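S.K.: Take this structure, written in structure tokens, and hold onto it; I'll ask about it next.
The values are calculated or read from the model by the stated rules, or taken from the named source; none is laboratory data. All values reported here derive from a predicted model rather than from experimental measurement. Note that we place each Cβ from the backbone using ideal geometry, even for glycine, and neighbour counts take in every protein chain shown.
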Amino acid sequence: MQSGHDAPGRSLAQVLIARSPNGVLVTDATGRLRAINPIVRHMVPLVPKPVGRTPLEAVPIPELADALRPERHDEVELAVRSGHRDLLVRVVSLDGEGGRLAILQDVTRLKQAERHRIEFVGNVSHELRTPATAIAGYAETLLDDREQLDPIHVDMVEVIQRNAKRLVDLFDDLLQLSRLDAREGKLPLEPTRLSGIVAEAVDKQRAVAEGKGVTFQTFVSERWEIMGNRDALGHIVGNLVSNAVKYSHEHGIVTVRTRMRGDRVALEVIDVGFGIDPAHHDRIFERFYRVDKGRARKAGGTGLGLAIVRRLVEAMGAEIHLRSRPGRGSVFRVLLEPHLVPDLTPPASPTDSA
């Protein structure tokens, strides 16, 4: 470890920093580098004799230098690229001591493995989707002439078609997740009206809803506009409305509404169905995670819908939250950046303004 002064012995902290498998940089209260362990030099190209210099002078990574500024007191996590290395950087303040601590972790192999996984899932899903689509198509063709088949054969073909369709849906969702995982940066945003997107999502689920006796309520003004990506919003709202219908009780009500929450537009999809125990809320957006495996399998779906929703929401720079209790239904709330939110308050009457 390099430090600003020589000493006859090293403290335990100095030994731990020097032997750490991760890079460590420490600044003092004035923002100058006071300690750097040797492994940092293998991760980033430092200037000669960096101790005593400011991070901006010594470290050729502007994001890291900015995170080490002495006036900052927040905790920062960065993913940065240095040459051929992928680094995960965490920066915290040293309470009492003054200064900042940065820990650099080389995650190059993990990133490579993740890229290989994404490519593998995408390629396999693409290859398997083609035969699954063919199986579903031929089964549907056979069912078009079901009167020429024995009843037992009709049952068999219906099982084939149903499961082939589930495979196609699964491969479609895996392909979409692979594309989202491989994408870098945010989705392009533009002024978008929510009313048309909500109306389209409700229309697609109307037949299923009518089969369960579920009714829709929508409270979305045609004048509301947000900054969003229309394709992503269509998928997000469509999935949330589909889930709301799927997990509603017979003759239930599904409500879709917009309202202001602080400076964001809240798009809410509300059902009064089975609900979700709070113990599952932190994991509900994970891939293939199911709260009730039996009920979810009976209702259909791939177990990837909410994972895709979260990725799309994050790709727009938005947020999604869940509020739910067992037996009391669920509220999925997406917080979006407003573009145009007209004043919908009725004008005051003469007596009100008097």
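S.K.: Scan the stretch 93-104 residue by residue and report those that are more than 14 Å from residue 33 (Cα to Cα) and either exposed (fewer than 15 other Cβ atoms within 10 Å of the Cβ) or within 21 Å of the chain's Cα centre (by Cα) (or both).
M.R.: Narrowing the stretch 93-104 to residues more than 14 Å from residue 33 (Cα to Cα): 95-96, 104.
95, 96, listed by residue number.
S.K.: So, in the stretch 65-96, of the ones that are of a type outside the set (Lys, Arg), out of contact with any Lys or Arg (no Cβ under 9 Å at 6 or more places or on another chain) and modelled with pLDDT of 90 or more, which residue ends up farthest from residue 53 (Cα to Cα)?
M.R.: Ranking the candidates gives 88 first.
S.K.: Looking only at the stretch 41-65, count every residue that is under 32 Å from the mean Cα position of the chain (by Cα) and farther than 15 Å from residue 92 by Cβ and tell me the total.
M.R.: Residues flagged as under 32 Å from the mean Cα position of the chain (by Cα) and farther than 15 Å from residue 92 by Cβ within the stretch 41-65 amount to 8.
S.K.: Does residue 83 fit the bill of being in contact (Cβ under 8 Å) with a residue 24 or more places away in the chain, surrounded by fewer than 13 Cβ atoms within 10 Å (Cβ to Cβ) and closer than 24 Å to residue 39 by Cβ?
M.R.: Criteria met by residue 83.
S.K.: Scan the stretch 217-226 and tell me whether some residue there is closer than 18 Å to residue 312 by Cα and not aromatic (Phe, Trp, Tyr). Full working, then the answer.
M.R.: Residues of the stretch 217-226 that are closer than 18 Å to residue 312 by Cα, as a first pass: 226.
Pick out the ones that are also not aromatic (Phe, Trp, Tyr) and you get 226.
Scanning the stretch 217-226 turns up at least one residue that is closer than 18 Å to residue 312 by Cα and not aromatic (Phe, Trp, Tyr).
S.K.: Going through the stretch 287-328 one residue at a time, which ones are at pLDDT 85 or above, out of contact with any Leu (no Cβ under 8 Å at 6 or more places or on another chain) and either more than 30 Å from residue 191 (Cβ to Cβ) or part of a loop (DSSP other than H, G, I, E, B) (or both)?
M.R.: Of everything in the stretch 287-328, those that are at pLDDT 85 or above, out of contact with any Leu (no Cβ under 8 Å at 6 or more places or on another chain) and either more than 30 Å from residue 191 (Cβ to Cβ) or part of a loop (DSSP other than H, G, I, E, B) (or both) turn out to be 324, 325, 326, 328.
S.K.: Of 88, 33, which residue is more than 30 Å from residue 179 (Cα to Cα), surrounded by 15 or more Cβ atoms within 10 Å (Cβ to Cβ) and aliphatic (A, V, I, L, M)?
M.R.: Result of the check over 88, 33: 33.
S.K.: Output the qualifying pairs, or none if there are none: Cβ atoms under 7 angstrom, residues six or more apart or on different chains, first residue in the stretch 117-135 and of a type in the set (Gly, Ala, Ser), second residue not in a helix (DSSP H, G or I).
M.R.: Hits for this filter: zero, empty list.
S.K.: Just wondering, is there one or more residues in the stretch 172-185 that are more than 27 Å from residue 114 (Cα to Cα) and either out of contact with any Asp or Glu (no Cβ under 9 Å at 6 or more places or on another chain) or in the same structural domain as residue 118 (by TED's automatic domain parsing) (or both)?
M.R.: No: the stretch 172-185 contains no residue that is more than 27 Å from residue 114 (Cα to Cα) and either out of contact with any Asp or Glu (no Cβ under 9 Å at 6 or more places or on another chain) or in the same structural domain as residue 118 (by TED's automatic domain parsing) (or both).
S.K.: Looking only at the stretch 95-130, filter to residues that are touching a strand residue (DSSP E or B) at 6+ places or on another chain (Cβ under 6 Å) and basic (Lys, Arg); which one of those is nearest to residue 172 (Cα to Cα)?
M.R.: Among those residues, the one meeting the criterion is 111.
S.K.: Kindly list, by first and then second residue, each pair from a residue in the stretch 38-60 that is assigned by TED's automatic domain parsing to the domain that holds residue 80 and closer than 13 Å to residue 28 by Cβ to a residue that is assigned to a loop (DSSP other than H, G, I, E, B) and of a type outside the set (A, V, I, L, M), limited to pairs with Cβ atoms under 7 Å and residues at least 6 apart or on different chains.
M.R.: 51/4; 52/4; 52/32; 53/32; 54/31; 54/32
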